[in-house]
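Reviewing the structure listed below.
The values are calculated or read from the model by the stated rules, or taken from the named source; none is laboratory data. Fair warning: this is a prediction, and the values are worked out from it, not measured in the lab. Virtual Cβ from ideal backbone geometry, glycine too; neighbours counted across all protein chains shown. Ligands, DNA and RNA are excluded from the accessible area calculation, which covers all protein heavy atoms including side chains. Shrake-Rupley method; radii C 1.70, N 1.55, O 1.52, S 1.80 Å.
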There are 2 protein chains.
Amino acid sequence: MTTVPLEGLPERVTIYEVGPRDGLQNEKTIVPVADKAEFIARLAAAGLRTVEATSFVHPTWVPQLADAEELLAAMDRTEGVRYPVLVPNERGLDRALASGITEIAVFASATESFARRNLNRTVDESLEMFAPVVGRARERGMWVRAYVSMAFGDPWEGDVPIEQVVSVAVRLVELGCSQISLGDTIGVGTPGHVTALIGALAEAGVGTDRLAVHFHDTYGQALANTLAALRCGVSTVDSSAGGIGGCPYADSATGNLATEDLVWMLHGLGVETGVDLPALAETSRWMAARLGRPSPSRVVQALTKD
Amino acid sequence: MTTVPLEGLPERVTIYEVGPRDGLQNEKTIVPVADKAEFIARLAAAGLRTVEATSFVHPTWVPQLADAEELLAAMDRTEGVRYPVLVPNERGLDRALASGITEIAVFASATESFARRNLNRTVDESLEMFAPVVGRARERGMWVRAYVSMAFGDPWEGDVPIEQVVSVAVRLVELGCSQISLGDTIGVGTPGHVTALIGALAEAGVGTDRLAVHFHDTYGQALANTLAALRCGVSTVDSSAGGIGGCPYADSATGNLATEDLVWMLHGLGVETGVDLPALAETSRWMAARLGRPSPSRVVQALTKD
């Protein structure tokens with residue numbers, strides 16, 4: 001690959017690795033806790049510096065991550081690596097506090113339909129539920145990220161107005177969230193839409209320093225959308241090693257943007273990530289074997305072909 | 001999908017559909033001539049207005065397209081649709097003339113290694129070979145496109161200097177070629193490289209009105225690279241319905257940018273293509289069944305999921 005920078009991009013991008021949580025949560029196979037711990041250790045060894053480790057959601061809803069406490073006790077931690085954990089509610093926060101976690105993420109929805117189905121609440125009610133979670137977490141000095149899911153489209157409502165996403169994001173920042181991750185949960189967004197939403201958020205006081213983007217590759221748009229976001233100044237990008245994790249609400253098996261495909265683009269653009277791409281691809285090949293299917297990442301397919 | 005334009009993009013993009021030629025040429029399965037004719041008719045019915053139909057390369061080298069004359073005789077032609085044919089040399093041009101073809105493409109290389117392996121000549125010798133092909137074609141009033149392959153990287157040489165690609169492109173324009181298609185044959189390019197090459201070509205007098213881009217998705221970069229090219233003013237994009245056609249020289253089964261993934265992005269950006277996306281995806285699903293494997297296009301997978 002020839003490295004050629006593009007004007008206006010950040011010098012360095014923080015990759016927020018979601019494979020162990022968002023990836024494994026949406027896979028049919030339940031991975032043993034020792035393999036999860038090894039996966040996380042290998043991701044850190046490959047240079048990833050933020051790895052969302054697991055979720056304190058109730059095991060009934062996400063049996064794939066029912067071993068959260070066990071994993072957190074078993075995990076080797078690398079110095080300088082952050083391991084945030086998803087926390088759905090106050091009960092989850094209690095579990096996080098008991099586990100010594102210092103960085104959490106909450107999972108909000110931009111649409112009423114998804115709030116109802118995923119959280120069994122209206123959008124307003126869900127924000128009321130998050131208020132004490134975020135408030136108590138901040139009092140303890142925790143860093144809090146908020147996902148805003150269905151930010152570019154909703155499988156039941158179709159188009160999602162930009163102002164609706166802005167309104168939810170602004171309220172989450174007002175609650176005390178440090179970072180907003182804009183989730184294209186069903187992968188329908190395109191680069192103009194991405195640019196317009198980020199612009200509208202900036203006008204509403206939520207600048208790119210507070211934003212992350214979280215694209216799914218259901219329609220092949222994730223990397224082009226990421227490029228559009230980078231050109232707006234966003235410098236935190238969510239991705240999943242090997243592209244693991246289909247979205248159960250989208251009409252396709254393809255899920256998260258693959259970290260390897262993202263890293264290929266960033267390194268070609270001369271943007272620093274700290275990631276050792278061959279080591280990461282080898283980790284994803286290893287995990288794909290455990291999941292019993294080939295990695296959907298193009299880079300993993302190309303680099304680990306026998 | 002919400003349609004939101006992005007500043008500076010062309011209002012309309014011409015999709016140069018390469019599935020029947022570049023796609024089928026690189027598939028293991030040899031498709032019967034009747035299915036090829038139906039494929040081309042369905043692509044035109046789905047709104048594609050430029051469909052590269054076949055190649056007059058010697059059947060020994062590309063048995064998949066050995067039926068070129070038979071196909072051209074069997075094909076229904078839709079008014080307003082262009083059906084260029086690849087012509088490797090003067091013998092191919094004679095066959096094109098005998099078949100009543102008015103638009104052709106020649107296939108050049110930016111690198112010595114690929115010229116030697118694919119054309120059995122140096123780059124200079126290959127341009128000498130093309131001179132009478134292009135000259136005679138232009139005398140007959142034909143439209144001539146030239147592919148410049150390995151324009152972003154070469155599997156034997158690695159990096160390909162931008163000035164080397166510019167030099168080949170300039171000489172092809174001097175020979176009389178109307179359009180230059182920049183081919184990332186092994187899919188390694190990234191958006192900064194794309195932008196720099198297009199800029200260097202403009203400085204050398206080869207403007208975006210003469211350019212097309214031809215990206216492969218081997219490393220998942222094709223759509224992001226296309227977006228970068230559109231932002232430079234390029235308005236002709238090569239793609240393959242359903243993403244068919246692996247490149248035999250790249251370390252992966254994934255090949256051409258899928259037309260459906262391209263159309264999804266363009267329509268989301270409000271860029272006109274004239275393409276009926278569901279009809280196109282259904283055509284690709286049909287062809288994938290004939291090739292005996294799922295379509296690599298994310299959009300085809302999502303839209304035609306049972």
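Data for the structure
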{"item": "Cβ-Cβ under 6 Å pairs, at least 6 apart or on other chains, region B:258-284 side more than 13 Å from B:VAL237 (Cβ to Cβ), far side in a helix (DSSP H, G or I) and open to solvent by 10 Å² or more (accessible area, probe 1.4 Å)", "result": "B:ALA281/B:LEU303; B:THR283/B:ARG42"}
{"item": "Residues within region B:199-234 that are assigned to a helix (DSSP H, G or I), within 13 Å of chain A (Cβ to nearest Cβ) and crowded, with 23+ Cβ neighbours inside 10 Å, tallied", "result": "9"}
{"item": "Output for region A:117-128, where each listed residue is surrounded by fewer than 21 Cβ atoms within 10 Å (Cβ to Cβ), polar (S, T, N, Q) and in a helix (DSSP H, G or I)", "result": "A:ASN118"}
{"item": "Selection within region B:183-197 - more than 8 Å from chain A (Cβ to nearest Cβ) and among the hydroxyl-bearing types (Ser, Thr, Tyr)", "result": "B:THR185"}
{"item": "Test: B:ASP238 is open to solvent by 10 Å² or more (accessible area, probe 1.4 Å) and modelled with pLDDT of 95 or more", "result": "no"}
{"item": "Residue count, region A:134-143 (criterion: open to solvent by 50 Å² or more (accessible area, probe 1.4 Å) and outside any helix (DSSP H, G or I))", "result": "3"}
{"item": "Failed item in (1) open to solvent by less than 20 Å² (accessible area, probe 1.4 Å); (2) facing chain A (nearest Cβ under 9 Å); (3) modelled with pLDDT under 95; (4) out of contact with any strand residue (DSSP E or B) (no Cβ under 6 Å at 6 or more places or on another chain), with B:SER297 passing the rest", "result": "(4)"}
{"item": "Qualifying positions in region B:252-285 - in contact with a helix residue (DSSP H, G or I) (Cβ under 9 Å, 6 or more places away or on another chain), more than 10 Å from chain A (Cβ to nearest Cβ) and surrounded by fewer than 17 Cβ atoms within 10 Å (Cβ to Cβ)", "result": "B:GLU272, B:ASP276, B:PRO278, B:ALA279, B:GLU282"}
{"item": "Residue count for region A:155-198, restricted to those that are of a type in the set (S, T, N, Q) and under 22 Å from A:LEU227 (Cα atoms)", "result": "5"}
{"item": "Every residue from region B:76-102 that is open to solvent by 30 Å² or more (accessible area, probe 1.4 Å), out of contact with any helix residue (DSSP H, G or I) (no Cβ under 6 Å at 6 or more places or on another chain) and within 20 Å of B:GLY274 (Cβ to Cβ)", "result": "B:ARG77, B:GLU79, B:GLY80, B:ARG82"}
{"item": "Residue check for B:PHE114: under 18 Å from the mean Cα position of the chain (by Cα), assigned to a loop (DSSP other than H, G, I, E, B) and under 23 Å from B:ALA196 (Cβ atoms)", "result": "no"}
{"item": "Qualifying residue in region B:184-192 (condition: over 17 Å from the mean Cα position of the chain (by Cα), surrounded by fewer than 23 Cβ atoms within 10 Å (Cβ to Cβ) and either under 24 Å from B:GLY23 (Cβ atoms) or modelled with pLDDT of 95 or more (or both))", "result": "yes"}
{"item": "Verdict on A:ARG290 being basic (Lys, Arg) and more than 14 Å from chain B (Cβ to nearest Cβ)", "result": "yes"}
{"item": "Test: A:GLU112 is without any contact (Cβ under 8 Å) to a residue 60 or more places away in the chain, among the acidic types (Asp, Glu) and surrounded by 15 or more Cβ atoms within 10 Å (Cβ to Cβ)", "result": "yes"}
{"item": "Selection count, region B:156-169, where residues are within 26 Å of B:GLY255 (Cβ to Cβ), within 14 Å of another protein chain (Cβ to nearest Cβ) and either over 21 Å from the mean Cα position of the chain (by Cα) or at pLDDT below 95 (or both)", "result": "4"}
{"item": "Residue among A:ILE244, A:ILE180 that is in contact with an Asp or Glu (Cβ under 7 Å, 6 or more places away or on another chain) and either open to solvent by 10 Å² or more (accessible area, probe 1.4 Å) or more than 11 Å from chain B (Cβ to nearest Cβ) (or both)", "result": "A:ILE244"}
{"item": "Single residue of A:ALA66, A:ALA73, A:ALA53, A:ALA131 found to be buried (at least 21 other Cβ atoms within 10 Å of the Cβ) and of a type in the set (Gly, Ala, Ser)", "result": "A:ALA53"}
{"item": "Pairs with Cβ under 9 Å, 6+ apart, first in region B:125-140 and under 18 Å from B:SER109 (Cβ atoms), second of a type in the set (Ser, Thr, Tyr) and open to solvent by less than 30 Å² (accessible area, probe 1.4 Å)", "result": "B:SER126/B:SER109"}
{"item": "Some residue of region A:129-144 being within 25 Å of A:PRO10 (Cα to Cα) and either modelled with pLDDT of 95 or more or within 17 Å of the chain's Cα centre (by Cα) (or both)", "result": "yes"}
{"item": "Number of the exception - B:TRP156 against (1) over 21 Å from B:LEU93 (Cα atoms); (2) touching a helix residue (DSSP H, G or I) at 6+ places or on another chain (Cβ under 8 Å); (3) open to solvent by less than 20 Å² (accessible area, probe 1.4 Å)", "result": "(3)"}
